[in-house]
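Step one of this worksheet: look at the structure below.
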Amino acid sequence: MRRMVLECLWQSHRAIGAYDLIRIMEARLGRQLSPPSVYRALDFLLEQGLVSRLETMNAFVPSAHPDHHHACVFFICEHCGSSAEVENAKLESLLSRDAAALGFRVDRRVVELQGLCAHCVSAELGAN
Ligand SMILES: [Zn+2]
Ligand SMILES: [Zn+2]
């Protein structure tokens, strides 16, 4: 189940919501799945850092850096749904410094930017 979830995410070029993921897997298997089993697989993959959740999209993508736990920045294309995951050490240290200045303990952070990816920007320019 975990492997299949990961495969579906890898094969998609856009982030997939849990509901669509279940439908894709059911189509592939030719039978119904119990949603909780898919959610459990997703939770496991999230915990392991193999999958990332795009909070603003409520959707999932394979992690670009599965080998280490880190906080990444996501650039999400609103047109084609693709996303790019970038590590930004500078932003990281700025945020840590601000948190330290406030005496704030960060439990969770979400940095997501929405717009158009390079491909969609050039397609848009080409159309004009
Ligand atoms: Zn990353
Ligand atoms: Zn795009």
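Here the ratio of the Cα radius of gyration of the chain to 2.2 N^0.38 Å is 1.21. Relative contact order of the chain: 23 percent, from C-alpha pairs under 8 Å at least 6 residues apart in sequence. In terms of surrounding Cβ atoms within a 10 Å radius of their Cβ, Val86, Val5, Val38 rank from fewest to most as Val86, Val38, Val5. A helix-only calculation puts the chain at -14000 deg cm²/dmol for mean residue ellipticity at 222 nm, using -39500 (n - 2.57) for each DSSP H run of at least four residues, averaged over all residues. Loop sites here are GluC sites (Glu not before Pro) outside DSSP states H, G, I, E and B with no more than 14 other Cβ atoms within 10 Å. The longest part of the chain free of them is 1-54. Applying the criteria of a DSSP loop state and at most 14 other Cβ atoms within 10 Å to the trypsin sites (Lys or Arg not before Pro) of segment 96-128 yields Arg105, Arg108, Arg109.
Residues Cys120, Cys77, arranged from fewest to most other Cβ atoms within 10 angstrom of their Cβ, appear as Cys120, Cys77.
Rule-based calculations on the coordinates, nothing more; no lab input. Keep in mind the model is a prediction, meaning the values are calculated, not measured. Using ideal geometry, Cβ is built from the backbone for each residue, glycine included, and neighbour counts are taken over all protein chains shown.
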